[in-house]
Amino acid sequence: MESLLDPQAVLDEINKGYERLDRYYISFQFLPYLLFSGDRIFLIPNSFAHLPLDNVDMTLNQSNQKAQSEQYEVYGNLFYPLEAVLVESFVKGVIHDIDEVGFSSWQMLLNAWISMMRGYLDVNNDTLDDCADERVVEWYSTHFGRIHEDQYGEWDLRVTKRLGSGKEMPVTSTA
């Protein structure tokens, strides 16, 4: 940063890409004497995260938890979204970001997360085909799903450069 002519202008440009996110989240920093000191927790409201809550019953009995297992993994009172729900949430975030600001760093980060989930978590190309929001289905299909594969061929989701495969990048020392 010291070598830049105007470091503040660079920071302002970077932060500009996250303006929409900044308007919605609240962050808390753990106090220095607590176990996770220095860590921060970011709370993002569901109006921004777009997680489907229509079928979620917050009562904590076992039968309700089993019925919700298609969308969430439930541990006590914590609901962890499964892959399809999380991808849908990210896609809705991208679409809303495009509508509001056109292009942002937050949108690119969500794109990267969707791509990572597609590759590493084996999220299928048709995972959002049953989504009620047609814009979500169209966007996902165009960027990661069937339309994309029809245009460019199937995704190669193999991870082939594992350590020990002989194909990893050489590391050279410049000591």
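FYI, it's all coordinate maths here, none of it is from the lab. Because the structure is a prediction, the values reported are computed rather than measured. Glycine also receives a Cβ, built like all others from the backbone with ideal geometry; neighbour counts cover every protein chain displayed.
Peptides 84-96, 127-139, 24-36 ranked from most to least packed by the mean count of surrounding Cβ atoms within 10 Å: 84-96, 127-139, 24-36. Taking other Cβ atoms within 10 Å as a rough exposure proxy, 74, 10 sort from fewest to most as 10, 74. Just add up the charged neighbours of residue 13: K/R +1, D/E -1, any other residue whose Cβ is under 15 Å from the Cβ of residue 13. My count for the surroundings of residue 13 gives -3. Diagonalising the gyration tensor over the Cα atoms of segment 103-146 and scaling each eigenvalue by 5 before taking the square root yields semi-axes of 17, 14, 7 Å, largest first.
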